[in-house]
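Colleague: So that we are looking at the same thing, I have put the structure below in structure tokens.
Every number in this text was worked out from the coordinates using simple rules, so none of it is lab data. Because the structure is predicted, anything quoted here is derived from the model rather than measured. For neighbour counting, all protein chains shown are included, and Cβ atoms are generated from backbone atoms with ideal geometry for every residue, glycine included.
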Amino acid sequence: MQGATLGMEFKLKLDTLDAHPIIDINDAKFCKLLECKGVLSAALAIEEKYELLLSNYLELEKQALNTTVERMLYNSHDYSDSFDNRIAFNQRIVNLLTSTKLYIDQIQQHVRNCIPTDITIADSVKQLFSTEYDEVFEYRFMEAMRNYVQHRGLAVHLIRYNSKWTSIEEHGQMECTVKLFAQKNEVENDKAFKKAVTKEMPQEVDLIFASRRYVESISKAHVLIRKMINQPVMDAREILSQEINDYKKMNNGNALGLTAYSICNQDNSNDVVKKFGIFLDWDDVRIKLTQKNSGLVNLHKRYVSGTCI
């Protein structure tokens with residue numbers, strides 16, 4: 001360790017030209033602070049990708065509502081309008097499937113970065129998604145559909161617009177709905193669609209319902225991942241917070257721009273080898289995301305309806 005730090009100095013100071021306290025630290029503390037920042041960065045990346053996934057799911061639900069209202073208002077049966085709607089829905093489905101792949105593919109590495117000492121943690125994360133895959137048809141279906149839209153075709157094969165009276169009485173109202181379907185006969189003979197999933201498909205799969213169930217499964221895994229990383233994330237934040245507070249005590253309550261430096265002082269060069277900021281504003285964003293995006297329990301048992309008088 002001594003050889004690794006020969007000719008190196010490690011310091012904490014504000015990243016400014018003004019006169020402020022400069023604190024000498026050792027290489028172990030420098031590395032620990034850097035590790036803590038890495039843990040929080042990985043935890044934020046997990047929440048950012050989950051937010052992206054939920055945002056794309058929300059856009060799908062909004063598209064369904066908007067399309068229903070437009071259909072109710074204009075009652076258009078023009079082919080070009082139907083074509084535009086199909087393109088819009090396919091775009092939403094593709095965006096959702098792309099963001100779920102991004103989330104699932106990268107989550108194991110982010111968790112490893114949060115708990116670098118646990119060599120089995122990636123397998124534990126993988127098992128969470130494997131369990132959902134085994135237990136939930138819609139999860140298997142959406143995974144198969146994701147591969148299909150990446151290599152072969154589009155997800156939305158049929159859009160069905162429905163309307164019915166809620167009552168035959170005078171106060172009855174016309175209820176308008178839209179549903180999206182993937183059809184078995186469109187994928188069952190295509191090698192790009194997983195055969196095992198095709199065999200268990202009904203003739204039509206409701207894509208919005210399947211999306212809800214899929215997102216619910218991912219949310220279930222996400223909540224468990226949060227629990228896995230909770231302690232090391234809390235510990236990392238506490239270490240950085242303590243460092244900030246200690247510096248504030250030495251500098252009249254000011255730690256804005258606090259930065260850790262590693263400096264090469266061989267031949268009096270004083271070259272900065274590495275530096276990183278020590279602050280927690282960005283981690284506050286992570287905390288807000290965890291509060292905003294709680295677990296989605298029984299999402300598949302909910303549906304969205306417009307205003308009913």
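Colleague: Based on DSSP H runs of at least 4 residues, each adding -39500 (n - 2.57), what is the mean residue ellipticity at 222 nm of the chain after dividing by all its residues, to the nearest 500 deg cm²/dmol?
Modeller: Values: 8 runs with 180 residues, N = 309.
After summing the helix terms and dividing by the residues of the chain, the value is -20500 deg cm²/dmol.
Colleague: Still on this structure, I have one more. Given Cβ point charges of +1 (Lys, Arg) and -1 (Asp, Glu) and nothing else, what value in debye, to the nearest 20, does the dipole of region 204-309 about its Cα centre take?
Modeller: On the way: 15 positive and 12 negative charges, 117 e Å.
The dipole of region 204-309 has a size of about 560 debye.
Colleague: Taking the Cα centre of region 138-195 as the origin, how large is its charge dipole in debye, to the nearest 20, when only Lys and Arg (+1) and Asp and Glu (-1) carry charge on their Cβ atoms?
Modeller: 500 debye
Colleague: Say each of residue 75 and residue 26 gets a label point 7 Å from the Cα, pointing the same way as Cα to Cβ; how far apart are those two points in nm?
Modeller: Going by the 7 Å Cα→Cβ label model, 8.2 nm.
Colleague: Could you give the length gained on full extension between residue 274 and residue 291, defined as 0.36 nm per residue of separation minus the Cα-Cα distance, in nm?
Modeller: On the way: separation 17, 0.36 × 17 = 6.12 nm, distance 3.37 nm.
Value of the extension gain: 2.7 nm.
Colleague: Using Cα-Cα distances under 8 Å and only pairs 6 or more residues apart, what relative contact order does region 111-199 have, in percent?
Modeller: After rounding, I find 22 percent.
Colleague: Return the distance in nm (one decimal) between the two label points of a simple spin-label model at residue 164 and residue 254, each offset 7 Å from Cα along Cα→Cβ.
Modeller: 7.0 nm
Colleague: If each residue of separation counts as 0.36 nm, what is the full-extension length gain between residue 186 and residue 15 once their alpha-carbon separation is subtracted?
Modeller: The span from residue 186 to residue 15 would gain 55.5 nm if fully extended.
Colleague: With springs only between Cα atoms under 10 Å apart, run a GNM on the chain and tell me which of 142, 228, 72 wobbles the most.
Modeller: Residue with maximal mean-square fluctuation among 142, 228, 72: 72.
Colleague: I would also like to ask the following. Sorted from fewest to most neighbouring beta carbons within 10 Å, what does the list 207, 258 look like?
Modeller: Going from least to most buried by this count: 258, 207.
Colleague: Can I ask one more? Could you line up 238, 138, 186 from fewest to most neighbouring Cβ atoms inside 10 Å? Working shown, then result.
Modeller: Details: 238 11, 138 22, 186 16.
By the 10 Å Cβ count, ascending, the order reads 238, 186, 138.
Colleague: So, one more: Which of 275, 220, 179 has the fewest other C-beta atoms within 10 Å, and how do the rest follow up to the most?
Modeller: With the sparsest Cβ surroundings first, the list reads 275, 179, 220.
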